[in-house]
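In what follows, a single structure is set out as structure tokens and then discussed.
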Amino acid sequence: MEKEEILISTNYQHVLIHASVDNKLTANQFRVLFYICTNIENVYIEEMKTKLNIRTNNSIADCIKVLIKNQYIKRVKNKRLIKKGVAFYTYEINIEKPILPNNINSFFSNTYFKSIDEIFSYFFEKIPTTKKIDISVNRKQIELLIYKDDYSIQTIKDVIDYVSISHNRSIITRPILLRKHFKALFKELNELSNKSK
């Protein structure tokens, strides 16, 4: 029998990474969160209890209460027609959980996320905006700049400084645009540095 492939959205992955090092959560609470992330459309207590081999419905309910209290999930009334076999409540994963400011705990001692937060704050300090931004999408671009494209924190800050005082400021208004144009901006900055030597 083939194992069923589990697909988890990138946003949910961030929440799960955060939860995995949150010392406020028990192993069962994390397992329930993981289950909800992978079965978001069909969360049934009885089925969850069986699949996770947790003894009672009360144990599952207690896990869900803790996850709600700690802002990992939100319980919302099901908008679909309520009938037999359809859950009265559905759950939404709080994808902003890893970046909420009141989550200062052992998670934020992790340099991986500290670096992302540092660059995110630096970008909007140097290039402020009053427009609404998609936080998770823009943080993801910073994460990719640091950990996929392999630019140092200082290099990214230098390019942000360059953008903040150049004609590019009107174009580069979000980290997503910074990453899109980063190679060209980095090249421009290097050429300017070489000319001034």
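The values are calculated or read from the model by the stated rules, or taken from the named source; none is laboratory data. Quick caveat, the model's predicted, so the values are computed rather than measured. Note that we place each Cβ from the backbone using ideal geometry, even for glycine, and neighbour counts take in every protein chain shown. Heavy atoms of the whole protein, side chains included, go into the accessibility calculation; ligands, DNA and RNA do not. Shrake-Rupley method; radii C 1.70, N 1.55, O 1.52, S 1.80 Å.
Summary of values
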| read-out | value |
| --- | --- |
| Residue, modelled with the lowest pLDDT, within the stretch 1-35, restricted to residues that are part of a loop (DSSP other than H, G, I, E, B), open to solvent by 50 Å² or more (accessible area, probe 1.4 Å) and of a type in the set (Val, Ile, Thr) | ILE6 |
| Close pairs from the stretch 129-149: first at pLDDT below 85, partner outside any loop (DSSP other than H, G, I, E, B) and charged (D, E, K, R), Cβ under 8 Å, at least 6 apart | none |
| Tally, over the stretch 9-44, of residues that are among the aliphatic types (A, V, I, L, M), farther than 18 Å from ARG139 by Cβ and free of Cβ contacts under 8 Å to residues at least 24 places away in the same chain | 1 |
| Single match in ILE82, ILE54, ILE40 (criterion: over 30 Å from LYS157 (Cα atoms), modelled with pLDDT under 85 and over 21 Å from the mean Cα position of the chain (by Cα)) | ILE82 |
| The stretch 120-176 - residue that is in a helix (DSSP H, G or I) and of a type in the set (Asp, Glu) and, of those, surrounded by the fewest Cβ atoms within 10 Å (Cβ to Cβ) | GLU125 |
| ILE160 vs. criteria touching a Phe, Trp or Tyr at 6+ places or on another chain (Cβ under 7 Å) and closer than 22 Å to LYS131 by Cβ | yes |
| Residues (part of a helix (DSSP H, G or I) and β-branched (Val, Ile, Thr)) located in the stretch 38-79 | THR38, ILE45, THR50, ILE60, ILE64, VAL66, ILE68 |
| Within the stretch 85-115, tally of residues that are of a type outside the set (A, V, I, L, M, F, W, C), assigned to a helix (DSSP H, G or I) and either surrounded by 15 or more Cβ atoms within 10 Å (Cβ to Cβ) or modelled with pLDDT of 60 or more (or both) | 6 |
